[in-house]
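What follows is one structure encoded as structure tokens, with my remarks underneath.
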There are 4 protein chains.
Amino acid sequence: MGTSRLEAFSDGIFAIAATLLVLEFSVSHGSDLGHQLLHLWPSYLSYVTSFVTIGIIWMNHHHTVSLIGRADRTMLFLNNLLLMTVAFLPFPTKLVGDFLHHEGEKAAVLAYAGTLVIMAVLHQVWWQYARRNRRLIDDGVPDSALSAVDRAYAPGVPLYGSVFALAFASPLAAVALTFAIAAFYLPSAALFDR
Amino acid sequence: MGTSRLEAFSDGIFAIAATLLVLEFSVSHGSDLGHQLLHLWPSYLSYVTSFVTIGIIWMNHHHTVSLIGRADRTMLFLNNLLLMTVAFLPFPTKLVGDFLHHEGEKAAVLAYAGTLVIMAVLHQVWWQYARRNRRLIDDGVPDSALSAVDRAYAPGVPLYGSVFALAFASPLAAVALTFAIAAFYLPSAALFDR
Amino acid sequence: MGTSRLEAFSDGIFAIAATLLVLEFSVSHGSDLGHQLLHLWPSYLSYVTSFVTIGIIWMNHHHTVSLIGRADRTMLFLNNLLLMTVAFLPFPTKLVGDFLHHEGEKAAVLAYAGTLVIMAVLHQVWWQYARRNRRLIDDGVPDSALSAVDRAYAPGVPLYGSVFALAFASPLAAVALTFAIAAFYLPSAALFDR
Amino acid sequence: MGTSRLEAFSDGIFAIAATLLVLEFSVSHGSDLGHQLLHLWPSYLSYVTSFVTIGIIWMNHHHTVSLIGRADRTMLFLNNLLLMTVAFLPFPTKLVGDFLHHEGEKAAVLAYAGTLVIMAVLHQVWWQYARRNRRLIDDGVPDSALSAVDRAYAPGVPLYGSVFALAFASPLAAVALTFAIAAFYLPSAALFDR
């Protein structure tokens, strides 16, 4: 079985998850609107961070799938689990927006960072399953392309693990670090460092 | 009339329905957030179960459509009804998440299982309509490919019927069985047992 | 300018609007869930009616676009207005589900039928603009294919106009008629009566 | 790296953002529904304005990408930021619908106009980055096609800047001007003035 169906389904999930992030914003009648809009800054921060993260991870996922020539049952299941964590991201993103700078911010950012750690672990497992002994790799792909993806994916789990650890000391700094990873590390990874 | 339009519409519905599942999660200010997040476990369970189910059913639907060479008016209508039950799934999924382990859990899981039974029945009717006397089957498709799909679809209605029956005895066990079907039975079905 | 971009945008809008319909359903804790689920029947009815309507209109739109060879500025704007009414449908669908059999049912069904009338008018205007003097029609398309679409689109405005008129006498009958149109009239229209 | 993946992701975001606009509408039981529906006119106005704006900007984005032959890391990041403002639009659209003609209308329309200004600035930066010294432009594209896009994009920032300024004097007039831009200026821009 080829990978085009898997790709189309994945593309849809990534784009929809990114667009659903906007549903985290809400205000109410009664108190000054301008004031409320300024106090939404944690929501803006978590929105930007998650949107950029999803956009870049989608690009990396897409690049990696282009190296894969066929899918099997296990691959399909791993891909489903990976997409499930991507589609889940709007919920912890909303938690960060609602609770940062309020009672409960540590639990909110731990849920956010925890989701990203699980996503990075699944992305790594998904890739290693396809790559080990070139199990599902397309015949025309050189080993150097595989090593490039290896190098790109290797820091993912430690980086998001650091975000998780940092959340205990400073939830705000942990979200800022997540944004920095999306802006500076991810775009350089699988797609550009070859 | 060919099937590519029917396929594109179906693809969209499957991916969007899976992504909308995340809207079932919600927490409130006021009580401890970490505590609330742990008590959301029925929502995590129903989210994972429905997401994996939709993902695999989409793959099977896609595989089956690849055997079909043309669509007629009845086929179109049946496909619409099938998609309608898929797009409906986020609602009973939310019911399970909100009511499992609370008053009303039996009604919630019966609504969930009932939706899955209807989906399995429609999937079977949809397939049998296309397959009977090779009514809509592409000329190049061997009979063995049709028998493979027959074998794959046959257990669907009895399996989800068992989930429905089990919901009377134990709503939680019924949801766990649904997850097991998605993880172990569905991926082996139409796509992989040839 | 060709029509493939217009088609891709339209496809997305149709599929997403159909899937968002599920957000109309809601229940609350406190009273018996089984009882609440049975009393949601107006929501089930409006959901099924709108879903089937969107599915079939999408198919007809897609068929018609396949006859069109190029788009101009006016065409683009008319298509945008048409999509806007399709994307609006989840709101009056929710109104029907929430208010049918309650105070306000006439206003709800009039809003629903009114949206469908506007959609039918825009679909007609959109088609006539492209078809008049074969303004945007692909050169290879025979006149008979155009007449078939003419015949298919002609009853749309009168039919939905009747739904609107019927809503004054019986809101429930008006919704039932809308369902009958989607199930029996629409699938026979542009796609199958050639 | 080519642009087809970037295009598919962008297409999805535009279509989904436009369709999510419908979630801004809501009514309540208790007071007369017909009355409530008439008083929703600010929501209809902001819905139509944002829907038409997104539809046309999508077309222009698509046309511009067709001139671009390859993407680099910076391009990807700029495109992500641009899509992020498009996907954000449902929130300020809802603000305008909820607050126009009520306390807080100035803040609501400033948020709306501000989002459009940022979108226009990012669209301009995104284009200039690709176009400067033909950095990412496809070899076969003539300079005249680039100048046409230059002319099309030049008035964007001043126009939406005027909307922003006008919002201080009259929030309603600012929204009406935004609609006029979408109906009259945008469709004539990159796609049609060649």
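The values are calculated or read from the model by the stated rules, or taken from the named source; none is laboratory data. Computed from a prediction, not measured in an experiment: that's the story for all the values here. Using ideal geometry, Cβ is built from the backbone for each residue, glycine included, and neighbour counts are taken over all protein chains shown. The area values use the complete protein model at the heavy-atom level, side chains included, leaving out ligands, DNA and RNA. Shrake-Rupley method; radii C 1.70, N 1.55, O 1.52, S 1.80 Å.
Would you confirm, using the coordinates I've provided, whether D:TYR153 is within 15 Å of the chain's Cα centre (by Cα) and surrounded by 20 or more Cβ atoms within 10 Å (Cβ to Cβ)? It is true that D:TYR153 is within 15 Å of the chain's Cα centre (by Cα) and surrounded by 20 or more Cβ atoms within 10 Å (Cβ to Cβ). For segment D:48-56, the criterion of being at the interface with chain C (Cβ under 7 Å from one of its Cβ atoms) and farther than 19 Å from D:ALA176 by Cα is met by none of the residues. In this structure, D:PHE88 qualifies as open to solvent by 10 Å² or more (accessible area, probe 1.4 Å) and within 22 Å of D:VAL22 (Cα to Cα).
The requirement of being modelled with pLDDT under 95, part of a helix (DSSP H, G or I) and basic (Lys, Arg) is satisfied by D:ARG151. Whenever a residue of segment A:22-51 is in contact (Cβ under 8 Å) with a residue 24 or more places away in the chain and more than 17 Å from D:ASP98 (Cβ to Cβ), its partners that are among the polar types (S, T, N, Q) and open to solvent by less than 60 Å² (accessible area, probe 1.4 Å), lying with C-beta atoms within less than 8 angstrom and at least six residues away or across chains, give the pairs A:SER46/A:THR93; A:TYR47/A:THR93; A:THR49/A:THR93; A:THR49/A:THR178; A:SER50/A:THR93; A:PHE51/D:ASN80.
When we screen A:ALA108, A:ALA152 for residues that are of a type outside the set (Val, Ile, Thr), on the phi < 0 side of the Ramachandran plot and within 12 Å of chain B (Cβ to nearest Cβ), the only hit is A:ALA108. What residue, among those in segment C:171-192 that are modelled with pLDDT under 90 and touching a helix residue (DSSP H, G or I) at 6+ places or on another chain (Cβ under 6 Å), is farthest from C:TRP58 (Cα to Cα)? The residue in question is C:PHE192.
Quick one: would you say D:LYS94 is touching a Leu at 6+ places or on another chain (Cβ under 8 Å) and of a type in the set (Lys, Arg)? Answer is yes for this residue. Segment A:1-70 holds helices (runs of 4 or more DSSP H) entirely within its bounds, and those carrying 3 or more residues that are among the aliphatic types (A, V, I, L, M) and crowded, with 21+ Cβ neighbours inside 10 Å map to A:4-20, A:41-65. The set of residues in segment A:67-93 that are among the basic types (Lys, Arg) and more than 8 Å from chain B (Cβ to nearest Cβ) contains only A:ARG70. Reported count of residues in segment A:27-54, each being touching a Leu at 6+ places or on another chain (Cβ under 9 Å), farther than 20 Å from D:ALA113 by Cβ and of a type in the set (S, T, N, Q), is 3. Taken over segment A:72-81, the criterion of being surrounded by fewer than 23 Cβ atoms within 10 Å (Cβ to Cβ) and either at positive phi or in a helix (DSSP H, G or I) (or both) is satisfied by A:ARG73, A:THR74, A:MET75, A:LEU76, A:PHE77, A:LEU78, A:LEU81.
Taking the criterion of being under 26 Å from D:LEU6 (Cα atoms) and among the hydroxyl-bearing types (Ser, Thr, Tyr), the only residue of segment A:16-42 that qualifies is A:THR19. With respect to the stated conditions, A:PHE168 fails to be under 18 Å from the mean Cα position of the chain (by Cα), of a type in the set (Phe, Trp, Tyr) and at pLDDT 95 or above. Taking the criterion of being within 13 Å of D:PRO42 (Cα to Cα) and out of contact with any His (no Cβ under 8 Å at 6 or more places or on another chain), the residues of segment D:100-111 that qualify are D:LEU100, D:HIS101, D:GLU105, D:ALA108, D:VAL109. Taking (1) touching a strand residue (DSSP E or B) at 6+ places or on another chain (Cβ under 7 Å); (2) under 25 Å from B:SER26 (Cβ atoms) in turn, B:LYS106 satisfies each apart from (1).
Restricting attention to segment D:24-38, does a residue exist that is of a type in the set (Val, Ile, Thr) and more than 20 Å from A:SER26 (Cβ to Cβ)? Looking for residues that are of a type in the set (Val, Ile, Thr) and more than 20 Å from A:SER26 (Cβ to Cβ), one finds none in segment D:24-38, hence no.
Among the residues making up segment B:115-144, those that are crowded, with 18+ Cβ neighbours inside 10 Å and either part of a helix (DSSP H, G or I) or hydroxyl-bearing (Ser, Thr, Tyr) (or both) are B:THR115, B:LEU116, B:VAL117, B:MET119, B:ALA120, B:LEU122, B:HIS123, B:TRP126, B:TRP127, B:ALA130, B:ARG131.
Per this entry, A:ALA107 is counted among residues that are of a type in the set (A, V, I, L, M, F, W, C) and either under 30 Å from B:LEU33 (Cβ atoms) or at pLDDT 95 or above (or both).
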